[in-house]
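**Student:** Quick one: structure below, then a few questions.
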Amino acid sequence: MAESKPHNLTSRQMRDKLNGISPSFCAAKWLQVTMHLQTGFTHSCHHPIPHKIPLDEIKNNPSALHNTLFKKKQREMMLRGERPSECDFCWNIEDAPGDNLSDRAHKSNEDWAAPNLEEIKNLAPEENINPTYLEVSFSNACNFKCAYCSPDISSKWFEEIKQFGSYPTSQNFNSFDNYKLIDKMPYAPDEPNPYIDAFWLWWPEVCQSLKVFRITGGEPLLARSTFRVFEHLEANPNLNLDFAINSNLGVPVGLIDKMATHAENLLGLGPDRTRKVKSFTLFTSVDTYGAQSEYIRTGQKYDEFVRNVESLLKRIPSLQIVIMCTTNALSVTGFKGLLTEVARIKQEFYDERRYGPALTIDISYLRLPSFLSIKILPDSYIRYFEQSLSLMLELSEEKLGVNRGFSEHEISKMRRLIDYMGVPTQARWLGTMRTDFFMFINEYDRRRGLDFNKAFPEMSEFFGLCKTARAQIFLGLAP
Ligand code: SF4
């Protein structure tokens, strides 16, 4: 993703343009939506905490999957120049030292957003609007249970909590009681689901105007609706559409092969040699390197994951893969190893037939659960990220050539991670989170047959700090 866009604004210029409408205006609030149909929750964009879609709102208006009354209120606030608190991801970045650009500027400057700015700024807040960027998860079916994930997103996590109950952290991590309290228990993958029904009613109207459509999960390759979408797009092409799906690339190889065949059909590499969408991108996830990645992402086999990435890039020379990297406390020490791997694949699979790099890394940071956030680490851990940044600069596009090295956009995300890590935290919060981390890891190891100290020997001193924090809270000596 380059800083300069076809409509000729840099993200910085876009930020200034947005501020000319209002200091909190963001096109994503109107045009981007993520919907979790297995629970009936929605948010725009993916940063704010999702809110429940009232069933009575979708009864006669399936577009309320996106245009909830709640969201309309947030739009109204933005038009008035007030900051919706749900967008604190962006406000934190904008308020951090340095002149950092938040996703408010980056997203509003995307091709799915920037051309619609005039239309949406003049729209009455109570009006419905079809998104141009739609992200959907159909089900929580998943064969992984990553440390920071939850039962509403992963059926494996659901099974674990059903068997063992919640984790012994201050907020009872992943407790079913908490999910029931906020009406977030997922529909089982094969259960009748009114949100899925509303989606398929709305789909014929919304799909032709979409510029970006992305299927997330759970693991989308385990959801039947994913393949229904593939078939629909193959029969009803939309050449303006950037279509994407997420996959952990750890499912049986037959499913990866089935997805690859559909991808070939959409890209005009199928038997009829006719392109059906503008592009097809595969998003996958990995948060650090090797065995430490496997520790975070229970179910993953790191080498198999890398092999699947490479064989897909080899099979489909126009395919682009994006790694979504949710950096968390367990990502930091091995991060440079992951970047080295990404750099190798970028160079090895460089192909002019792609309109971008073979592999991109999209670095963000985990916010919840807070006890796994990078913010719980001592300041000295920033050096790991500084080394990672140096590596990215050494292997940048500027040094290696366009699409062969790390782009300015990728590097800017690394810089902002370092800035974020450097923002001070309160001692009381830190004590609670480190205690939670200690309690979580002990239970995680016990349930899953893992050993934190073996997987992360370089973090043993930090783990000791967490143990002390736990003892201080237990003895009433915490600050
Ligand atoms: S302000 Fe930020 S968090 Fe809020 S909708 Fe825009 S990009 Fe998302």
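**Student:** Magnitude of the Cβ-charge dipole of the chain, K/R +1 and D/E -1, about the Cα centre, nearest 20 debye?
**Tutor:** Details: 56 positive and 59 negative charges, 53 e Å.
Result for the chain is approximately 260 debye, rounded to the nearest 20.
**Student:** Starting from 0 in steps of 5 Å, tell me what percent of the Cα-Cα pairs of segment 256-357 lands in each bin.
**Tutor:** P(r) for segment 256-357, in whole percents per bin: 2, 11, 22, 22, 17, 12, 8, 4, 1, 0.
**Student:** Quick one: putting +1 on the C-beta of Lys and Arg, -1 on the C-beta of Asp and Glu, what dipole do you get for segment 428-479 around its Cα centre, in Debye to the nearest 20?
**Tutor:** It comes to approximately 140 debye.
**Student:** Across segment 63-163, how many lysine pairs separated by 8 or more positions, or lying on different chains, have Cα atoms within less than 27 Å?
**Tutor:** Summing the qualifying lysine pairs gives 9.
**Student:** Next up: Where in the chain is the longest stretch that carries no GluC sites (Glu not before Pro) classed as loop by DSSP and with at most 14 other Cβ atoms within 10 Å?
**Tutor:** 128-351
**Student:** OK, next. Taking a temperature of 20 °C and a viscosity of 1.002 mPa s, what whole-number D in µm²/s does Stokes-Einstein yield for segment 82-209 with Rh from Kirkwood over alpha carbon pairs?
**Tutor:** For these conditions, the coefficient is 116 µm²/s.
**Student:** Among PRO48, PRO252, GLN300, which residue has its Cα furthest toward the positive end of the charge dipole of the chain, with +1 on Lys/Arg Cβ and -1 on Asp/Glu Cβ?
**Tutor:** Going by the charge dipole, the pick is GLN300.
**Student:** In whole Å, what is the distance between the alpha-carbon centres of segment 235-254 and segment 144-192?
**Tutor:** Distance between centres, Cα-based: 27 Å.
**Student:** Can you give the helix-only mean residue ellipticity at 222 nm for the chain, where every DSSP H stretch with n ≥ 4 adds -39500 (n - 2.57) and the sum goes over all residues, rounded to the nearest 500 deg cm²/dmol?
**Tutor:** Roughly -13000 deg cm²/dmol at 222 nm, from the helical runs in the chain.
**Student:** Another question, then. Just tell me which aspartates and glutamates come within less than 15 Å, Cα to Cα, of LYS336; anything on the same chain fewer than 8 places away is out.
**Tutor:** ASP287, ASP362, GLU386, GLU394, GLU410, GLU458
**Student:** Another question, then. Could you pull out every one of the aspartates and glutamates with an alpha carbon less than 19 Å from that of LYS180, ignoring same-chain neighbours closer than 8 positions?
**Tutor:** By straight Cα distance, LYS180 reaches ASP152, GLU159, GLU160, GLU191.
**Student:** To make sure I understand, if each residue's beta carbon is the centre and we count other beta carbons within 10 Å, what order do MET14, MET439 fall in, fewest to most?
**Tutor:** Ordered from fewest to most neighbouring Cβ atoms within 10 Å, MET14, MET439 come out as MET439, MET14.
**Student:** Rounded, prolate or oblate, given the Cα gyration tensor of the chain, with a/c below 1.5 counting as rounded? Show your work: numbers first, answer last.
**Tutor:** Details: a/c = 1.29, a/b = 1.22, b/c = 1.06.
Because its axes are fairly even, with a/c under 1.5, the chain counts as rounded.
**Student:** If the only charges are +1 at each Lys and Arg Cβ and -1 at each Asp and Glu Cβ, what is the size of the charge dipole of segment 211-266 around the Cα centre, to the nearest 20 debye?
**Tutor:** Around 180 debye, computed over segment 211-266.
**Student:** To the nearest 0.05, how large is the calculated FRET efficiency for ASP257 and ARG428 if R₀ is 56 Å and r is the Cβ-Cβ distance?
**Tutor:** Step by step, r from the Cβ atoms, then E = 0.60.
FYI, it's all coordinate maths here, none of it is from the lab. Quick caveat: nothing in here was measured; it's all calculated off a predicted structure. Using ideal geometry, Cβ is built from the backbone for each residue, glycine included, and neighbour counts are taken over all protein chains shown.
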